1. For labels at Met186 and Val172 in the simple 7 Å Cα→Cβ model, what's the distance in nm?
2. By the gyration tensor of its Cα atoms, with a ≥ b ≥ c the square roots of the eigenvalues, what is the shape of region 120-165: rounded for a/c under 1.5, prolate for a/b over b/c, or oblate?
3. Can you pull out the GluC sites (Glu not before Pro) in region 1-71 that DSSP calls coil and that have at most 16 other Cβ atoms within 10 Å?
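Rule-based calculations on the coordinates, nothing more; no lab input. Given the structure is predicted, the values throughout are model-derived calculations rather than measurements. Don't worry about glycine lacking a Cβ; one is built from the backbone with ideal geometry, like all the others, and counts go over all protein chains shown.
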Amino acid sequence: MDDDSRTARWERQAGIPLGVASLLFLVAYGVRILGEGLPQPVLDLSSAVLYGAWALFVVDYVVRWRLSGEGPGFVHRHWLDSLVVVLPLLRPVRIVRTYDAMQDRRQREPRLALQARVMLYAGMASTLLGLSAALAEYYYEHAAPGASIRTFGDALWWAASTLATVGYGDVVPVTTMGRLIAVVLMGCGLALLGAVTGSFSSFLMQRFARAGDNVRPPGR
């Protein structure tokens with residue numbers, strides 16, 4: 001119980017700083033990729049922010065691992081946190097956890113229904129993940145021979161169609177890293193779409209069930 005309370009206390013205290021670090025990481029990542037021609041000190045500062053944010057994620061991961069007392073099992077039980085440390089693409093998604101931590105602090109105010117919260121979190125995660133993937137895809141693709149993703153606008157369109165599991169095929173990655181990013185984004189898109197669809201279906205079923213309970217049979 002003591003380990004659980006210490007872990008929860010750490011997550012509440014570190015939630016907002018890590019969310020700010022996630023946002024700064026996304027901004028600095030965008031500056032590094034889209035900021036061609038910027039002064040070198042600006043690029044050096046963005047690199048420092050990137051590595052500083054990564055260091056904070058590593059510290060958070062190690063602290064929660066030690067507090068959990070789970071040993072090596074922590075890695076697969078908290079697989080998303082493990083991936084966030086390894087894959088820069090997923091780091092901005094931590095901003096969603098910051099929003100949840102802020103809501104936990106406002107205990108006296110009513111929270112959204114579970115289904116609405118799932119849809120809200122999925123929407124936030126999709127936006128952040130799509131933007132991160134578009135930046136990474138543009139970086140690896142725009143100068144590649146035979147690439148169809150030449151501008152950041154092309155990368156945003158590709159990320160949106162991939163997350164939505166539509167995949168028009170008008171712009172496609174041609175590099176190895178670009179295709180790996182596409183695989184990660186397709187998997188995340190399917191998971192997020194499934195979460196939203198399931199939550200919306202559950203919401204409709206509850207509303208229909210309530211409506212049915214409120215309808216009285218004739219003669220009663």
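1. 1.0
2. Here region 120-165 falls in the prolate category.
3. Glu36, Glu70
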